Amino acid sequence: MFANLSQKLSKIIGNLRNRGILTEEIIDTTIREIRVSLLEADVALSVVKAFSQNLKEKLQGKSVINTTTPEQTIIKFVYDELVNILGETEETNQNISGKILILGLQGTGKTTTSAKLANLIKSKYKKKVLLVSLDTYRPAAIDQLKILAKNNDIDFFENFNSTDTPLSIAQKALEICERYDMTIFDTAGRLYLDDVMMKELSDLKNIVNPNDSYLVIDSMMGQDAVNTVKAFNETFHLTGLILTRIDGDAKGGAALSAKYITNCSIKYICSGEKISDIEIFHPDRIASRILDRGDVLTLVEKAMDSNINDEIKDIHIGKDFDLNGMEKYLKQLEKIGGISGFLKFIPGMGKIKDQLKEANISDKTIARQIAIIRSMTIEERKNPKILNASRRRRIAAGCAQEVSEVNRLIKQFEQVKTIMTKFQNPGMMQSMVNRFMK
């Protein structure tokens, strides 16, 4: 979502690389360019003004010390102001319990987000979660949440019939809430704000008496997102926001503006269709991504949550590394979001985004490579040296790929094996974790 803004800010700041001192002219020019970039990214005018003013006040009269450059100095203060806009990092409550009411307009992804949040709380905090659907208006909305719950081993409340209303379903669900650590109520939305919807949601809130009321916002809504947050916050006193589709092509400025204008914290962000595509919102880490400085902490956490380190230990490394091991590594890469999910956390990736596109590197590459390996015999996986031209043609035909794709995989395997021969510490991921968690 922040790709365009990230590229523009990186280019503006990169132009300072060869400057020796931080002059008033450089400060004014840089702030003007940043202001234009923020406005083009659909950031609210009031936020842009505050951002520019705060940045100028911090930079004026600021001398560059011997160990820093103008580029580094401005990056530091731009980062601070981005964090200020997005909100301070809040400590996550490890003792999550109670009831959550999920609010929002129709089409923002409330139902999917409810399931994602339930799965996150269940897997990350080891809590027993109940999902309750109160959307009796949208066709198949209840079935959608029920299927998501069943597929991910989450309890779903279904002790009601077709004549029940959202209010009566909520009352029935409350009778068993005490059996669970967390109960998440997915409410109905409309295509636009109206009095009928707001009245029903108000009644629901009075009945449920939730610990938290989260508003789901589609990041592609533009400036309407801020207006929606204002309207809901005035009525329900929201305790947090959840941003969906942050992996889309939206400018992202409205999302940047929401917290600053409404003073309602962003709690979670969703970036895809998978049940695991949700993460706790860390303003400092998002600011780092916007400035193309990566987000290694989140990457490490994803690896830990996926138990990647434990599974890596089961892979034979060094000279014994074979295509079976290669398949396991590819699967681990899939678990943390595929190639695109991995690269977005790496510093400097924004600068080579176009090159990656030209190289045709995508998440589909992993699926193709796994399919190729699975088309091989046991002997071929253990000893790739026997893969002559005839065998490669057979493997390609078996997985509906070109022979060139098989050749590419073998070449990549040899490169990885060369690295793995030197990789004698299977606990490397854990050492990374320890280093970043100190």
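Taken together, the values in this text are just the output of simple stated rules run on the coordinates, not laboratory data. Bear in mind the structure is a predicted one, so any value in this text is a computation, not a measurement. Reconstructed Cβ throughout: ideal geometry from the backbone, glycine too, with neighbour counts over all protein chains shown.
Odds and ends about this structure:
- Extension gain for the segment Asn4 to Glu158, taken as residue separation times 0.36 nm less the Cα-Cα distance, is 51.0 nm to one decimal.
- Label-point separation, Leu167 to Thr23 (7 Å along Cα→Cβ), nm: 7.0 nm
- Full-stretch length increase - Ser46, Ala140 - with 0.36 nm per residue and alpha-carbon distance subtracted: 29.7 nm
- Sorted peptide list for 390-401, 116-127, criterion being average Cβ within 10 angstrom, highest first: 116-127, 390-401
- Rounded FRET efficiency, nearest 0.05, which uses the C-beta distance separating Asp284 from Asn15 and R0 of 30 Å: 0.75
- Local charge for Asp186 was computed over the other residues whose Cβ lies under 9 Å away, with Lys and Arg +1 and Asp and Glu -1, and equals 0.
- Between the range 18-40 and the range 172-241, the alpha-carbon centres lie 41 Å apart.
- When the pairs Lys127/Lys328; Lys49/Lys205; Lys11/Lys122; Lys58/Lys274 are compared against a 31 Å limit on Cα-Cα distance, Lys49/Lys205; Lys11/Lys122; Lys58/Lys274 fall above it.
- Lys/Arg +1, Asp/Glu -1 at C-beta; the range 147-268 dipole; positive extreme among Ser202, His237, Ala225: Ala225
- The modelled label-to-label distance for the pair Glu402/Asn263, using points 7 Å beyond Cα in the direction of Cβ, is 5.9 nm.
- Within the shell of other residues whose beta carbon sits under 12 angstrom from the beta carbon of Val47, the net charge comes to +1, with Lys and Arg scored +1 and Asp and Glu -1.
- Length gained on full extension, Ala231 to Asp212: 5.1 nm, using 0.36 nm per residue less the C-alpha separation.
- What the Cβ-Cβ distance of Arg394 and Glu414 gives, at R0 = 22 Å and to the nearest 0.05, is a FRET efficiency of 0.60.
- Förster-model FRET efficiency, 45 Å R0, Lys199 and Lys364, C-beta, rounded to 0.05: 0.45
- Between Tyr125 and Arg190, the distance separating the two model label sites (each 7 Å from Cα on the Cα→Cβ line) works out to 3.2 nm.
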